[in-house]
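Engineer: Questions regarding the structure given below will be posed in turn.
The values are calculated or read from the model by the stated rules, or taken from the named source; none is laboratory data. Computed from a predicted structure; not experimentally measured. Cβ placement follows ideal geometry from the backbone for every residue including glycine, while neighbour counts extend to all protein chains displayed.
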Amino acid sequence: MRRLHWETALLAAAALVLSASAAVCATGKHTAPRVRTVPRYLSSAELRAVKLYRRVLPTVVTIVTSRSVLGRKGRQEEHAIGSGVLISPECHILTAAHVIDKADKIMVKAGGGKLRAAELLFSEPSADIALIKLVVPDRTLPHARLGDSDVLAVGQIVYAVGSPYGLEHSFSVGHISGFREFNRLYDGTILAEFIQTDAAINIGNSGGPLFNSQAEVVGIASRIISVSGGSQGLGFAVTINTAKQLLALEDRVWIGIEGIFLNSEQIARLFNHKLDGGLLIERVAKGSPADKAGLQGGSLPARILGRDFLLGGDLILQMGNQEACHVECLVQARKHLAGMDRIPVRFLRGGKIMQTVIDVTNSRRNFLKK
């Protein structure tokens with residue numbers, strides 16, 4: 001599977017959004033959109049689609065991310081684009097995890113085209129679901145209703161809204177082609193289920209909502225299977241019930257890191273230390289609990305012992321009372337750290353063993369509670 005993230009196309013799409021915003025800033029005003037009249041000859045099915053589009057459109061947002069990357073000419077800013085949907089009066093936004101993956105800065109275009117800063121609250125890459133929130137909430141922004149993806153049928157019509165290739169407010173109609181189960185999350189208790197659809201999903205649709213005929217969100221656009229790189233009728237959206245289960249967890253231990261577990265041989269080779277094992281941090285999500293605790297990711301790509309690493313990051317040796325010795329340690333940590341809002345962490349940096357405390361108070365809660 002290829003996710004909706006191709007560097008060249010995403011950069012071009014993001015440039016469309018940024019240049020349009022710049023044009024508005026330069027002129028001080030928006031170009032008045034053309035007023036269109038709904039034709040009288042529409043069939044009842046067409047009219048329902050038109051009304052649904054107009055109803056849900058204000059809840060759909062465009063997400064523009066940026067990050068600093070090291071290139072041949074030194075540090076450069078790289079942009080990417082995706083979509084999302086407002087789901088609460090507090091301006092929580094559901095999107096795909098890979099849309100905000102590695103982002104240093106998240107901006108949301110909502111409500112009249114204004115770019116607003118957003119912060120990351122939670123991400124689950126295995127299900128490709130993330131939750132962000134506007135830094136300054138705007139209660140005048142409408143939000144969408146969440147449906148029940150267990151009450152869906154193959155052949156049912158669904159509607160996708162997003163910003164494919166930066167073309168905002170795009171609307172496509174298709175059918176549910178099937179349901180796919182790819183993996184289980186959180187100790188096997190939550191199923192990562194996906195809706196297969198022939199509704200056109202392209203670059204920039206990632207994170208956008210999939211609606212049913214009741215204007216309820218039943219899925220979040222995730223990925224496509226494609227040979228050409230374009231839509232070929234094989235699009236996938238994470239079911240909204242998968243997202244709701246993840247967002248409702250009150251015992252989650254999300255700290256915002258990506259890493260690789262190293263055994264004693266690998267640690268000896270990379271760090272010249274004799275340790276049983278540890279979690280090498282490769283990336284730390286901007287604004288995550290780990291980032292706020294001062295943990296650092298790597299920046300130097302390398303291939304050692306037949307594996308690809310991103311070196312230079314911290315090596316976690318202990319989390320709470322649990323040693324980070326192998327993959328199962330992190331899985332068991334979800335049970336071991338249940339109810340612990342402040343997690344002590346011992347890690348190796350620059351040859352020295354250091355300590356910090358990760359505060360997960362804001363991420364360990366049911367985001368769906370009013």
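Engineer: Which of (1) at pLDDT 95 or above; (2) closer than 23 Å to Phe367 by Cα; (3) not in a loop (DSSP other than H, G, I, E, B) does Leu191 not meet, given it meets every other one?
Structural biologist: Failing condition for Leu191: (1).
Engineer: Do you know which residues across segment 318-347 are modelled with pLDDT of 80 or more and in contact with a His (Cβ under 7 Å, 6 or more places away or on another chain)?
Structural biologist: Within segment 318-347, just Gly320 meets the criteria.
Engineer: From the list Leu295, Leu275, which one is assigned to a loop (DSSP other than H, G, I, E, B), modelled with pLDDT under 80 and surrounded by 14 or more Cβ atoms within 10 Å (Cβ to Cβ)? Steps first, answer last, please.
Structural biologist: Numbers: Leu295 fails: modelled with pLDDT under 80.
Unique residue meeting the criteria: Leu275.
Engineer: Restricting to segment 82-124, what's the tally of residues that are basic (Lys, Arg) and within 22 Å of Lys292 (Cβ to Cβ)? Please lay out each step first, then the result.
Structural biologist: Here is the first cut: in segment 82-124, the ones basic (Lys, Arg) are 102, 105, 109, 114, 116.
Filter once more, keeping what is within 22 Å of Lys292 (Cβ to Cβ): 102, 105, 116.
Number of matching residues: 3.
Engineer: I've got another one for you. Could you list, in sequence order, the residues of segment 79-110 that are among the charged types (D, E, K, R) and under 22 Å from Tyr53 (Cβ atoms)?
Structural biologist: Kept after step one, since they are among the charged types (D, E, K, R), are these residues of segment 79-110: 90, 101-102, 104-105, 109.
Hit for segment 79-110 is Lys109, nothing else.
Engineer: With the requirement that a residue be out of contact with any Lys or Arg (no Cβ under 7 Å at 6 or more places or on another chain), surrounded by 19 or more Cβ atoms within 10 Å (Cβ to Cβ) and of a type in the set (Gly, Ala, Ser), what does segment 113-157 give you?
Structural biologist: Ser123, Ala127, Ala130, Ala144, Gly147, Ser149
Engineer: Could you identify the single residue in Val61, Val136 that is closer than 26 Å to Ile195 by Cβ and either under 21 Å from the mean Cα position of the chain (by Cα) or part of a strand (DSSP E or B) (or both)? Explain how you work it out, then say what you get.
Structural biologist: Numbers: Val136 fails: closer than 26 Å to Ile195 by Cβ.
After ruling out the rest, the residue left standing is Val61.
Engineer: If you check every pair at least six apart or on different chains, which have Cβ atoms under 6 Å apart with a residue in segment 338-366 that is among the small types (Gly, Ala, Ser) first and a residue that is surrounded by 11 or more Cβ atoms within 10 Å (Cβ to Cβ) and in a strand (DSSP E or B) second?
Structural biologist: Ser363/Phe122
Engineer: Separate question: Being more than 23 Å from Thr242 (Cα to Cα) and free of Cβ contacts under 8 Å to residues at least 60 places away in the same chain is the requirement here; does Lys114 meet it? Give the steps one after another, and end with the answer.
Structural biologist: Working: more than 23 Å from Thr242 (Cα to Cα): yes; free of Cβ contacts under 8 Å to residues at least 60 places away in the same chain: yes.
Here the answer is yes, as Lys114 does meet what is asked.
Engineer: Enumerate the pairs (first residue in segment 140-167 and not assigned by TED's automatic domain parsing to the domain that holds Leu52; second residue anywhere and surrounded by fewer than 16 Cβ atoms within 10 Å (Cβ to Cβ)) with beta-carbon separation below 9 Å, excluding pairs fewer than 6 apart on the same chain, so at least 6 apart or on different chains.
Structural biologist: none
Engineer: Considering only segment 74-86, how many residues are surrounded by fewer than 24 Cβ atoms within 10 Å (Cβ to Cβ) and in contact with a strand residue (DSSP E or B) (Cβ under 7 Å, 6 or more places away or on another chain)?
Structural biologist: Of all residues in segment 74-86, those surrounded by fewer than 24 Cβ atoms within 10 Å (Cβ to Cβ) come to 74-79.
So of that shortlist, the ones also in contact with a strand residue (DSSP E or B) (Cβ under 7 Å, 6 or more places away or on another chain) come out as 75-79.
So the answer is 5.
Engineer: In this structure, is Ala80 in contact with a helix residue (DSSP H, G or I) (Cβ under 7 Å, 6 or more places away or on another chain), of a type outside the set (D, E, K, R), over 18 Å from Arg145 (Cβ atoms) and outside the structural domain of Gly297 (by TED's automatic domain parsing)?
Structural biologist: Working: in contact with a helix residue (DSSP H, G or I) (Cβ under 7 Å, 6 or more places away or on another chain): yes; of a type outside the set (D, E, K, R): yes; over 18 Å from Arg145 (Cβ atoms): yes; outside the structural domain of Gly297 (by TED's automatic domain parsing): yes.
So Ala80 passes the test.
Engineer: Is it fair to say Ala127 is under 21 Å from Leu310 (Cα atoms) and not in a strand (DSSP E or B)?
Structural biologist: Answer is no for this residue.
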